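Everything below concerns the one structure shown next.
The values are calculated or read from the model by the stated rules, or taken from the named source; none is laboratory data. Note that the coordinates shown come from a computational prediction; the quantities given were computed from them, not determined experimentally. Please note: Cβ atoms are built from the backbone with ideal geometry, for glycine as well, and neighbour counts cover all protein chains shown.
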Amino acid sequence: MRNIVFQAKGYQHGPISRMISPSDLGEFTKPFVFLDYFDSIADKNGGFGWHPHSGIATVSLVLDGQTEIEENTGFKGKIEKGAVEYMQAGGGVWHTSHRDVGQRMHGFQLWVSLPPELEENKATSHYLKKEEVAVKDNVRIILGEYQGVKSPIKAPNDMSYLQVSLKKGQKWTYTPPKTHNVLWLQVYEGELSNFKKDEVVVFDHSNESITVEALEDTSLILGSAAKFAHDLHLGRSSVHTNYSSLVRSQAKIENQLQELIKKGVLDR
């Protein structure tokens with residue numbers, strides 16, 4: 001039986017529950033270095049103002065609600081229920097989001113570390129509507145592959161990120177690829193026999209299977225991967241594999257900020 005090394009509800013940060021951070025669990029779960037779970041209704045015009053990222057890919061999974069997004073690359077869009085937005089920040093990008101008063105927003109944002117060959121590349125985005133997400137039986141494949149079915153989004157690492165739905169009494173076994181020794185999950189609806197709603201559960205480093213049983217209709221997310229071989233160098237909303245890359249990307253982010261100020265998008 002695969003051992004559990006961590007199981008907790010994370011810590012509250014306003015309307016957000018922070019489940020994994022680069023400075024704590026992220027060292028054990030990398031390339032999954034950050035996970036936020038959010039469920040709130042905007043009592044004023046809400047969202048996140050303009051802010052930068054580099055060295056990571058952000059993966060936004062919307063369970064309910066919608067939000068409008070914009071990047072300094074020129075990309076704009078609306079992420080709605082069931083949709084996925086994958087933003088590979090590379091060497092630097094700024095983005096923002098907005099939702100209207102009374103609008104519920106329920107979902108997850110995951111950060112994935114980028115390997116050295118990608119961490120300073122040009123920023124790119126990939127948006128999937130609900131019906132464009134790959135599905136195999138009761139599993140939606142957000143990133144990676146499950147039982148021969150691949151996500152339309154090319155993952156930056158040897159990894160899989162899955163959304164799983166189970167009926168009451170249903171058992172489900174996940175057998176990771178032989179290369180995957182990192183594994184975690186979080187229930188966000190219902191309850192499993194061993195795991196309660198809103199807990200992140202991190203398993204030991206091995207490639208053994210896990211079997212779960214739903215005590216009621218249950219939904220969860222799960223990540224598995226080959227352990228990221230590089231160190232984590234942290235900056236403002238950035239994670240890089242080395243200090244030099246972090247410094248170059250922070251300089252690029254500052255240049256992008258000056259451009260946004262010149263265009264009147266942001267004040268200093």
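Hey, any hits in region 8-23 for a residue that's over 21 Å from residue 95 (Cα atoms), part of a strand (DSSP E or B) and without any contact (Cβ under 8 Å) to a residue 60 or more places away in the chain?
Within region 8-23 (the criterion being over 21 Å from residue 95 (Cα atoms), part of a strand (DSSP E or B) and without any contact (Cβ under 8 Å) to a residue 60 or more places away in the chain), the answer is yes, since at least one residue qualifies.
Looking at 140, 99, which is the one that is at pLDDT below 95, under 27 Å from residue 53 (Cα atoms) and buried (at least 16 other Cβ atoms within 10 Å of the Cβ)?
Working: 140 fails: at pLDDT below 95.
Within the list 140, 99, the selection yields 99.
Could you grab me the full set of residues in region 229-257 that are assigned to a loop (DSSP other than H, G, I, E, B) and modelled with pLDDT of 95 or more? Working first, answer last.
Looking only at region 229-257, we keep the residues that are assigned to a loop (DSSP other than H, G, I, E, B), and these are 229-232, 236-237, 241-242.
Selection gives 229, 230, 231, 232, 241, 242.
Checking the condition within 19 Å of residue 226 (Cβ to Cβ) and hydrophobic (A, V, I, L, M, F, W, C), which residue from 38, 28 passes? Full working, then the answer.
Numbers: 38 fails: within 19 Å of residue 226 (Cβ to Cβ).
Just one listed residue meets the conditions, 28.
Checking residue 182 against (1) without any contact (Cβ under 8 Å) to a residue 24 or more places away in the chain; (2) touching a Lys or Arg at 6+ places or on another chain (Cβ under 9 Å); (3) of a type in the set (Val, Ile, Thr): exactly one of these is not met. Which one?
Among (1) without any contact (Cβ under 8 Å) to a residue 24 or more places away in the chain; (2) touching a Lys or Arg at 6+ places or on another chain (Cβ under 9 Å); (3) of a type in the set (Val, Ile, Thr), the lone unmet condition for residue 182 is (1).
When you look at residue 193, is it closer than 30 Å to residue 49 by Cβ, free of Cβ contacts under 8 Å to residues at least 40 places away in the same chain and surrounded by fewer than 14 Cβ atoms within 10 Å (Cβ to Cβ), yes or no?
Here the answer is no, as residue 193 does not meet what is asked.
For region 50-67, indicate whether the set of residues that are crowded, with 22+ Cβ neighbours inside 10 Å, among the β-branched types (Val, Ile, Thr), touching a residue at least 60 places away in the same chain (Cβ under 8 Å) and at negative phi is non-empty.
Yes.
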